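To start, the structure under review is shown below, and the notes come after it.
The values are calculated or read from the model by the stated rules, or taken from the named source; none is laboratory data. Keep in mind it's a predicted model, so treat the numbers as computed, not measured. Neighbour counts are summed over all protein chains in view; Cβ atoms, including those assigned to glycine, are modelled from backbone coordinates with ideal geometry. These accessible areas exclude ligands, DNA and RNA; they are computed on the full protein's heavy atoms, side chains included. Shrake-Rupley method; radii C 1.70, N 1.55, O 1.52, S 1.80 Å.
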Amino acid sequence: MSALYDSPLRFVAFVLAVVMIIPAGWLSLRHMLELRPAEDGPRARALEAVWSIAPLVGLIALLVLAGVQ
Amino acid sequence: MSTDVVGPAHASTRLSAIVTEYLKLTKPRVISLLLVTTAAAMFTAAHGVPRGWLVLWTMVGGYLAAGGANAINHYVDRDIDGHMKRTDARPVVAGSVTPRRALVFGLACGAVSAAILAAAANELAAVLAVTGLAVYVGIYTLWLKRSTVHNIVIGGAAGAFPPLVGWAAVTDHIGLFAWLMFAIVFYWTPPHFWALALLLQNDYAAAGVPMLPVVHGEDATRRQIFLWTLVMVGVTVLPCAAGLAGWTYFVGALLLNAVFVVLAYRLWRTPSRTFARWTFHYSLLYLALVFVLMAIDAA
């Protein structure tokens with residue numbers, strides 16, 4: 001299998017994935033964190049933050065794995 | 001005499017009605033899309049056509065695992081299903097199947113699924129199918145569904161297991177491509193399900209289920225649908241970024257993604273039940289076609 005920089009398809013797809021995932025993922029996370037009710041307790045707020053952040057962490061892992069494959 | 005004639009016919013009709021009610025417990029319409037992802041994963045993993053019997057038994061096992069999860073979901077959610085128009089005619093709520101029988105049926109389906117997959121495919125496929133069932137029941141239905149707006153985001157992982165099962169059935173391991181298929185279904189679920197939630201938010205509110213539009217309103221939901229659609233687009237091209245899929249898949253996925261993005265953008269900018277309905281229905285077609293494209297590309 002060719003390296004990321006040697007394959008036009010791999011390179012284009014990787015750049016597209018980064019451009020789509022990072023900004024939209026960040027905006028989605030920020031929006032969800034803003035929506036958290038202020039009256040929630042610290043435990044509830046922490047749990048909501050975990051649920052919001054976990055999918056993004058997964059995305060970063062997938063990007064890295066796809067890039068170094 | 002009349003009893004001899006009418007009796008068997010009556011018994012046959014009654015048996016048919018019972019079978020129909022138990023079939024309803026499995027939610028066959030929902031499972032059909034899951035089976036498309038399973039089959040496509042099998043064809044992709046095989047780089048062509050896998051053995052016919054393996055496909056058949058994996059489909060049967062996959063159906064029973066998902067159907068068992070759905071039956072148990074009917075048991076667990078019987079207290080809220082009656083508050084929603086969409087679910088108030090379900091067998092357990094309607095009284096045509098007792099809660100205990102629904103639970104036993106669901107557990108039995110899961111057990112039979114594991115046995116079939118272990119015998120016809122391999123232990124890994126069986127374990128993955130049962131894990132998907134456990135995630136759907138334990139993490140989604142029992143824990144997250146009634147406690148957080150992230151219910152269908154995290155709980156959506158349950159619906160992402162079928163391609164793992166299909167891949168494992170053919171290869172007896174799970175590679176990066178299989179995990180990328182899992183991710184595609186996982187990141188597809190929020191825009192798909194939130195579009196449905198926009199249409200059914202009154203039902204969810206009546207049942208006390210904290211779906212995103214119920215808790216944070218329609219504007220926030222439409223914005224999240226658009227943002228998650230963009231994320232999903234990025235995820236769908238990762239198989240190409242990893243060198244695992246070719247131009248056929250890339251170009252096809254781009255076209256399918258373009259339509260999804262346009263629909264999600266219009267839904268975000270134009271509050272409309274029509275756009276929510278279009279987005280929801282298109283999302284079903286979209287997922288099926290993305291997986292079919294993968295299988296074609298790998299052949």
> B:Val149 fails exactly one of the following numbered conditions: (1) buried (at least 21 other Cβ atoms within 10 Å of the Cβ); (2) in a helix (DSSP H, G or I). What is the number of that condition?
Replying inline: (2)
> Among the residues of the range B:218-236, is any away from every other protein chain (no Cβ under 11 Å) and over 30 Å from A:Ala66 (Cβ atoms)?
Replying inline: yes
> Inside the range B:161-203, can you point out the residues that are open to solvent by less than 10 Å² (accessible area, probe 1.4 Å) and under 18 Å from B:Val215 (Cα atoms)?
Replying inline: B:Pro190, B:Pro191, B:Trp194, B:Ala195, B:Ala197
>> Quick check on the range A:39-56: of everything there that is under 20 Å from B:Ile184 (Cα atoms) and within 8 Å of chain B (Cβ to nearest Cβ), which residue is farthest from the chain's Cα centre (by Cα)?
In response: A:Trp51
> Looking at A:Pro23, A:Pro55, which one is open to solvent by less than 20 Å² (accessible area, probe 1.4 Å) and assigned to a helix (DSSP H, G or I)?
Replying inline: A:Pro55
> Picking from B:Gly155, B:Gly208, which residue would you name as being touching a Lys or Arg at 6+ places or on another chain (Cβ under 9 Å), closer than 22 Å to A:Leu29 by Cβ and at pLDDT below 95?
Replying inline: B:Gly155
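Yes/no matrix, rows are residues, columns are (1) among the basic types (Lys, Arg); (2) more than 21 Å from B:Asp203 (Cβ to Cβ); (3) without any contact (Cβ under 8 Å) to a residue 40 or more places away in the chain:
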{"residue": "B:Trp53", "(1), (2), (3)": "no, yes, no"}
{"residue": "B:Gly68", "(1), (2), (3)": "no, yes, no"}
{"residue": "B:Val76", "(1), (2), (3)": "no, no, no"}
{"residue": "B:Arg86", "(1), (2), (3)": "yes, no, no"}
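Table: residues versus (1) aliphatic (A, V, I, L, M); (2) assigned to a helix (DSSP H, G or I); (3) without any contact (Cβ under 8 Å) to a residue 24 or more places away in the chain; (4) over 18 Å from A:Leu35 (Cα atoms).
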{"position": "B:Gly166", "(1), (2), (3), (4)": "no, yes, no, yes"}
{"position": "B:His173", "(1), (2), (3), (4)": "no, no, no, yes"}
{"position": "B:Phe177", "(1), (2), (3), (4)": "no, yes, no, yes"}
{"position": "B:Val209", "(1), (2), (3), (4)": "yes, no, no, no"}
{"position": "B:Arg223", "(1), (2), (3), (4)": "no, yes, no, no"}
{"position": "B:Met232", "(1), (2), (3), (4)": "yes, yes, no, yes"}
{"position": "B:Leu244", "(1), (2), (3), (4)": "yes, no, no, yes"}
> Considering B:Ala183, B:Ala168, B:Ala157, B:Ala195, which residue is away from chain A (no Cβ under 12 Å) and farther than 14 Å from B:Ser283 by Cα?
Replying inline: B:Ala168
>> Can you find, within the range A:26-38, the residue that is modelled with the highest pLDDT among those that are more than 9 Å from chain B (Cβ to nearest Cβ) and in a loop (DSSP other than H, G, I, E, B)?
In response: A:Arg36
> Scanning for something touching a residue at least 12 places away in the same chain (Cβ under 8 Å), open to solvent by less than 70 Å² (accessible area, probe 1.4 Å) and more than 9 Å from every other protein chain (Cβ to nearest Cβ), does the range A:1-10 turn up at least one residue?
Replying inline: no
>> Suppose the filter is more than 11 Å from chain A (Cβ to nearest Cβ) and touching a residue at least 12 places away in the same chain (Cβ under 8 Å); does B:Ala258 pass it?
In response: no
>> Can you find a residue that is within 27 Å of B:Arg29 (Cβ to Cβ), surrounded by fewer than 16 Cβ atoms within 10 Å (Cβ to Cβ) and modelled with pLDDT of 95 or more anywhere in the range B:243-254?
In response: no
